[in-house]
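Enquirer: Quick one: this structure, given as structure tokens, is what I'll be asking you about.
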Amino acid sequence: MIRWVGRLIALVLLLAPSVNAAGPAAPRFRAVLVAGDGSLEVWDRGIEKLRAGLVAANALVPGHVAQFSARGDRAAEGIGRAELDAVVLAIESLKPAKGEACLVYLTMHGTLDQGLYFQVSDRHLTPAMLDAALTEGCGDAPTFVVASGCYSGGFAAGPMARRNRVILAAARADLPSFGCHTDFDVTVFDGCMLFVLSSAPANVVTLNARLGSCVEAMEMRHRMPQSHPQAWLGSAVPRLVPRLLVPRQG
């Protein structure tokens, strides 16, 4: 998947609008990174590539990254078990210092009208639950959230939609997203996110435009229905884009 995402993203980057925004560049992040389903490697690969890219770009606050997986073999690597309560506690404990920001990336299956599904706990994380955890752990600090799963659009609306948050969701609340299959290295949305972040978009408007164009191109290429990713771009954080360095292949 990564090779052909790279070819498509080159076209996306040429066509996407470039919008300048005033304000400082993104701070370093305290992060919670979660692959919430162990049935396939696609979710773990996405999180592992994301973390590697963030580390390479020096975008994380050292010692303040919590990574979770639903796969038992990850425990030997020091990665936490992706239990819902443990993830919520990790988000509540982020507590960024002045000048720092929060980053929460959740990739897994989603369920219509229920939220993101944590396989280990057999429970769902709802937008209201995530909003409460972020309010406790991040308060008014700049906060970058990704909800990568089917039917995840509700995370970019309602109580989650606060002025200090950037929220990117993989699909409209009534639609699935794609790439949860052994034929894929990472999911369609996660693959596009990796490549768009690695292109260093100047602001969240450009990030969102490029991300949507990439996902649409991927779905067209594979003759998939459109998932219509959703976004909330908080007015207080126009340039909250994590720095990411991902080696390009092909």
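Read-outs: derived from the displayed coordinates by stated rules, not from any lab. Predicted, not measured: the structure shown is a model, and the values here were computed from it. Every residue, glycine as well, gets a Cβ built from its backbone with ideal geometry; the counts of neighbours run over all protein chains shown.
Enquirer: Using θ = phi - 60° and the Karplus curve 6.51 cos²θ - 1.76 cosθ + 1.60, what whole-Hz ³J(HN,Hα) does each residue of region 62-76 get, with Gly and Pro shown as x?
Expert: Values per residue, Gly and Pro as x: x, x, 10, 10, 10, 10, 10, 9, 8, 9, x, 5, 7, 4, 5 Hz.
Enquirer: Could I ask something else about it? Report, in order of residue number, the helices in the chain meeting two criteria: a C-alpha extent of 24 Å or more along the helix axis, and a mean Kyte-Doolittle hydropathy of at least 0.0; treat each whole DSSP H run as one helix.
Expert: Qualifying helices: 204-221.
Enquirer: What FRET efficiency comes out for the pair A132/S235, r = Cβ-Cβ distance, R0 = 30 Å, nearest 0.05?
Expert: 0.85
Enquirer: Looking only at trypsin sites (Lys or Arg not before Pro) in DSSP loops with at most 15 other Cβ atoms within 10 Å, what is the longest site-free stretch of the chain?
Expert: Looking at the chain, 1-97 is the longest stretch - no exposed trypsin sites (Lys or Arg not before Pro) with at most 15 other Cβ atoms within 10 Å.
Enquirer: Among the DSSP beta bridges whose two residues both lie in region 71-202, what percent are antiparallel, rounded to the nearest 5?
Expert: Looking only at bridges with both residues in region 71-202, the antiparallel portion is about 30 percent.
Enquirer: Once every DSSP H run of n ≥ 4 in the chain is given -39500 (n - 2.57) and the sum is divided by its residues, what mean residue ellipticity at 222 nm do you get, rounded to the nearest 500 deg cm²/dmol?
Expert: Here the helix-only value at 222 nm equals -10000 deg cm²/dmol.
Enquirer: Lys and Arg at +1, Asp and Glu at -1: add these up for the other residues within a Cβ distance under 11 Å of G36 and post the number.
Expert: 0
Enquirer: Under 4.7 Å Cβ to Cβ, no partner at all: give me those cysteines from the chain, in residue order.
Expert: Cysteines of the chain left without a disulfide-compatible partner: C150, C180.
Enquirer: Around W232, under 12 Å between beta carbons, what's the net of Lys plus Arg minus Asp minus Glu among the other residues?
Expert: Local charge sum for W232: +2.
Enquirer: Still on this model: What is the local net charge at A202, summed over the other residues whose Cβ is closer than 13 Å to its Cβ (Lys, Arg +1; Asp, Glu -1)?
Expert: +3
Enquirer: Same structure, new question: Taking H as built 1.01 Å from N, whose amide H comes closer than 5 Å to the amide H of V166, not counting residues under 5 places away?
Expert: Here T143, F144, V145, G234 satisfy the definition.
Enquirer: Now for a separate question. Take the chain, connect every pair of alpha-carbon atoms lying under 10 Å apart with a spring to form a Gaussian network, then pick out the residue of S199, S235, S177 with the largest mean-square fluctuation.
Expert: S235
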